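The values are calculated or read from the model by the stated rules, or taken from the named source; none is laboratory data. Everything numeric in this text was worked out from a predicted model, so none of it was measured. Reconstructed Cβ throughout: ideal geometry from the backbone, glycine too, with neighbour counts over all protein chains shown.
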Amino acid sequence: MKLAKQLTRSIAKSYSAAMTREQSGELPIQTGALPWRLAPKNGIEVLLVTGRRSGRWTIPKGWPMPGKSLAEAAEQEAFEEAGVRGTIDPNPIGTFRHVKQLHVVGDLEVNIVVHPLWVDRELPKWPELGQRKRKWFSPKEAAKRVESPELSSMIRQAVKKSLRH
């Protein structure tokens, strides 16, 4: 619990630094969920969502949330952006860099800390319904669809290692 509080404080500082880029030499942190499920015929599938502005396929992600661990915030983002619920792994499987397009400060490079989320419920309505698309892909296809080579590699590796335990 002590570590979680330290992480939360660290994350809050990263968010502040993100808003005023000059204050920090390190990249700010965001958190993301890699939603997956076992499909009856297709084996493991990965859920991707489109970005609101870009329309590109990616994973649900967002800023850390006060009072929540990175994993809990990733789980909340998966609900808000993709309308899924499940079990989040508190241990991240990796990070990747992403350039956010912020109206106030322009482009901002961030590190996304990714947690696997085993999906057991897909909801018909969710907060960002109509703002994004969601779609299940085979891991191979999901890895091709995302723009980030780091995320692509993470998807392929996660299927081989983390998602099969």
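Condition test on Val119, is it modelled with pLDDT of 95 or more and in contact with a helix residue (DSSP H, G or I) (Cβ under 6 Å, 6 or more places away or on another chain)?
no
If you check Ile88, Ile59 for being surrounded by 18 or more Cβ atoms within 10 Å (Cβ to Cβ), closer than 14 Å to Ile112 by Cβ, touching a Leu at 6+ places or on another chain (Cβ under 7 Å) and among the hydrophobic types (A, V, I, L, M, F, W, C), only one passes: Ile59. All of Val119, Val114 fail the test of being over 27 Å from Glu26 (Cα atoms), among the aliphatic types (A, V, I, L, M), in contact with a Gly (Cβ under 6 Å, 6 or more places away or on another chain) and part of a strand (DSSP E or B), apart from Val119. Remark: pairs (first residue in the stretch 78-107, closer than 18 Å to Leu129 by Cβ; second residue at pLDDT 95 or above and part of a loop (DSSP other than H, G, I, E, B); Cβ separation under 6 Å; 6+ apart in sequence or on different chains) = Ala78/Pro60; Glu80/Pro127; Glu80/Glu128; Glu81/Pro60; Glu81/Glu128; Ala82/Pro60; Gly83/Leu123; Gly83/Trp126.
Identify the residue in the stretch 46-82 that is at pLDDT 95 or above and among the charged types (D, E, K, R) and, among all such residues, is farthest from Glu150 (Cα to Cα). The residue in question is Lys68.
Filtering the stretch 128-164 to residues that are at pLDDT 90 or above and part of a loop (DSSP other than H, G, I, E, B) leaves Glu128, Gly130, Gln131, Lys133, Ser138, Val146, Glu147, Ser148.
When Met154, Met65 are checked against the criterion of being aliphatic (A, V, I, L, M) and without any contact (Cβ under 8 Å) to a residue 24 or more places away in the chain, Met65 stands alone in meeting it.
So in the stretch 59-87, with the set limited to residues that are closer than 12 Å to Thr31 by Cα and in a strand (DSSP E or B), which one is nearest to the chain's Cα centre (by Cα)? Only one residue fits best here, namely Lys61.
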